[in-house]
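The values are calculated or read from the model by the stated rules, or taken from the named source; none is laboratory data. Everything quoted here is computed from the prediction, not taken from an experiment. Every residue, glycine among them, receives a Cβ derived from its backbone with ideal geometry; neighbour counts consider all protein chains shown. Areas reflect the complete protein model, heavy atoms only, side chains present, ligands, DNA and RNA absent. Shrake-Rupley method; radii C 1.70, N 1.55, O 1.52, S 1.80 Å.
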Amino acid sequence: MRRGGPSVLGIVLAGGEGKRLMPLTADRAKPAVTFGGTYRLVDFVLSNLVNGDIRHIAVLTQYKSHSLDRHITTTWRMSSLLGNYVTPVPAQQRLGKQWYLGSADAIHQSLNLIRDEQPDYVAVFGADHVYRMDPREMLRQHIDSGAGATVAGIRVPRSESSQFGVITPSADGRTVERFLEKPADPPGLADDPDSILASMGNYIFTTDVLVEALHKDAANEDSDHDMGGDILPMLTESGQAAVYDFSTNHVPGETKRDQGYWRDVGTIDAYYDAHMDLLADRPVFNLYNRDWPIYTHHPMLSPARFNGGGNATESIVSAGCLIRGQVTRSVLSPGVVVEQDAVVQNSVLHDKVRIGRGAVVRNAILDKNIDVPPGATIGVNPERDAELYTVSDNGVVVLEKGQPVPAPM
């Protein structure tokens with residue numbers, strides 16, 4: 001925070017394997033997955049923290065972290081003159097010969113970060129959601145309430161409860177009465193039985209409360225050592241947990257349409273749908289808010305080029321792209337080439353994908369370095385796609401990084 005205010009250490013949990021996002025996580029950690037053409041998922045949480053004046057940030061990494069570590073160290077260079085930093089912290093086995101057993105264990109094994117900083121508060125945020133949030137508003141509520149822990153909550157349909165930690169607020173609307181991790185059949189909210197208050201995976205702790213809870217959890221052999229599954233229920237039981245309603249959060253430059261937007265992109269279909277949210281004339285999530293920018297590294301490439309009658313409508317086209325074919329409702333990362341007579345519709349193409357002459361790609365996600373031969377089709381023949389590629393529950397065809405595409409018969 002700014003000089004004279006409370007001191008806050010940001011800890012970003014970025015060690016998850018991301019199994020539900022396979023095959024995009026076959027070769028990288030989930031927070032390193034590309035989103036929106038030029039961003040990585042981790043850029044959203046880091047931008048929120050930095051824009052919100054939390055600028056001492058440790059990113060805890062573990063699973064296939066090379067590309068994530070490289071992105072953080074090359075992109076997130078803060079002013080050392082002011083003592084600010086964003087640094088990746090890999091699992092180091094500081095407390096014994098074991099890797100992180102869970103998100104709480106990851107912080108427990110990294111308590112040296114807290115001891116070195118000695119912050120008043122610790123903001124523990126997840127690394128794989130798409131949203132804008134001013135953490136200062138959540139911190140202000142946390143301080144005013146005197147709670148030991150505050151968890152950010154957002155309303156989602158009750159039918160999705162098994163994907164989230166579910167918060168039951170008490171009558172005062174602030175204290176957490178009960179916290180259930182991914183329950184199958186939780187009670188709905190009092191004013192809306194078909195909705196639940198889901199944890200966003202963002203927490204603010206008073207430092208001594210967090211440290212004490214982590215020590216207790218580490219000593220419990222029956223614990224899964226998880227922030228949502230163990231730490232929050234522990235603090236709820238002792239009456240120290242409060243909830244922050246994300247719908248009340250406001251950032252500079254927001255619109256009525258994108259205020260309160262938050263997406264957990266933990267599955268292929270959620271990841272795909274979040275991309276489609278970017279493409280409307282008035283997008284549900286606006287990447288162009290200059291008052292609360294999402295920061296990333298932009299490669300030194302020439303502007304996108306359109307030749308030979310190529311065009312793109314309702315699409316995001318990144319630098320270095322060459323479009324000779326037809327692109328509709330798609331997101332293209334840097335260096336994508338769409339050759340003449342090729343058609344790309346409702347798709348997400350990562351870096352350096354090449355679509356050959358006359359090829360057709362529909363309703364697909366193509367990871368980087370994929371070469372689609374001339375005349376080939378993806379997303380056209382469901383039976384053939386299912387034999388060759390990964391297909392999501394909603395029919396999105398996914399190709400992993402560098403996956404070969406057979407030439408047409």
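Figures for the structure shown
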read-out	value
Complete set of residues in the stretch 382-394 that are more than 18 Å from residue 24 (Cβ to Cβ) and either among the acidic types (Asp, Glu) or touching a helix residue (DSSP H, G or I) at 6+ places or on another chain (Cβ under 9 Å) (or both)	383, 387
In the stretch 83-92, residue nearest to the chain's Cα centre (by Cα) [restricted to those that are surrounded by fewer than 18 Cβ atoms within 10 Å (Cβ to Cβ) and modelled with pLDDT of 90 or more]	87
Given (1) of a type outside the set (S, T, N, Q); (2) over 25 Å from the mean Cα position of the chain (by Cα); (3) open to solvent by 10 Å² or more (accessible area, probe 1.4 Å), index of the condition residue 327 fails	(3)
Filter pass, residue 107 being under 25 Å from residue 234 (Cα atoms), open to solvent by less than 10 Å² (accessible area, probe 1.4 Å) and in a helix (DSSP H, G or I)	yes
Selection count where residues are in contact with a helix residue (DSSP H, G or I) (Cβ under 6 Å, 6 or more places away or on another chain), in a helix (DSSP H, G or I), among the hydrophobic types (A, V, I, L, M, F, W, C) and more than 16 Å from residue 164 (Cβ to Cβ), scope the stretch 201-230	3
Test: residue in the stretch 167-174 that is hydroxyl-bearing (Ser, Thr, Tyr), assigned to a strand (DSSP E or B) and open to solvent by 10 Å² or more (accessible area, probe 1.4 Å)	yes
Selection within the stretch 218-239 - open to solvent by 60 Å² or more (accessible area, probe 1.4 Å), of a type outside the set (Gly, Ala, Ser) and under 17 Å from residue 206 (Cα atoms)	237
Residue count, the stretch 54-82 (criterion: under 21 Å from residue 134 (Cβ atoms) and open to solvent by less than 10 Å² (accessible area, probe 1.4 Å))	4
Residue in the stretch 150-160 that is outside any strand (DSSP E or B), touching a residue at least 40 places away in the same chain (Cβ under 8 Å) and crowded, with 17+ Cβ neighbours inside 10 Å present	no
Complete set of residues in the stretch 26-83 that are under 23 Å from residue 275 (Cβ atoms), part of a loop (DSSP other than H, G, I, E, B) and either among the basic types (Lys, Arg) or touching a His at 6+ places or on another chain (Cβ under 8 Å) (or both)	28, 36, 38, 41, 64
Tabulated pairs, the stretch 385-397, first on the phi > 0 side of the Ramachandran plot and surrounded by fewer than 18 Cβ atoms within 10 Å (Cβ to Cβ), second of a type outside the set (A, V, I, L, M) and outside any helix (DSSP H, G or I), C-beta under 9 angstrom, 6+ apart or interchain	395/363; 395/379
Single residue of 401, 368 found to be closer than 25 Å to residue 41 by Cβ, touching a strand residue (DSSP E or B) at 6+ places or on another chain (Cβ under 9 Å) and open to solvent by 20 Å² or more (accessible area, probe 1.4 Å)	368
Residue pairs meeting the criteria (Cβ under 7 Å; at least 6 apart or on separate chains; first open to solvent by 30 Å² or more (accessible area, probe 1.4 Å), in the stretch 176-189; second small (Gly, Ala, Ser) and in a loop (DSSP other than H, G, I, E, B))	177/170
Pair list, Cβ under 9 Å, 6 or more apart: the stretch 237-248 residue assigned to a strand (DSSP E or B), other residue surrounded by 21 or more Cβ atoms within 10 Å (Cβ to Cβ) and of a type in the set (S, T, N, Q)	241/150; 242/150; 243/150; 243/199; 244/150; 244/202
Single match in 347, 302, 315, 330 (criterion: among the hydroxyl-bearing types (Ser, Thr, Tyr) and under 30 Å from residue 78 (Cα atoms))	302
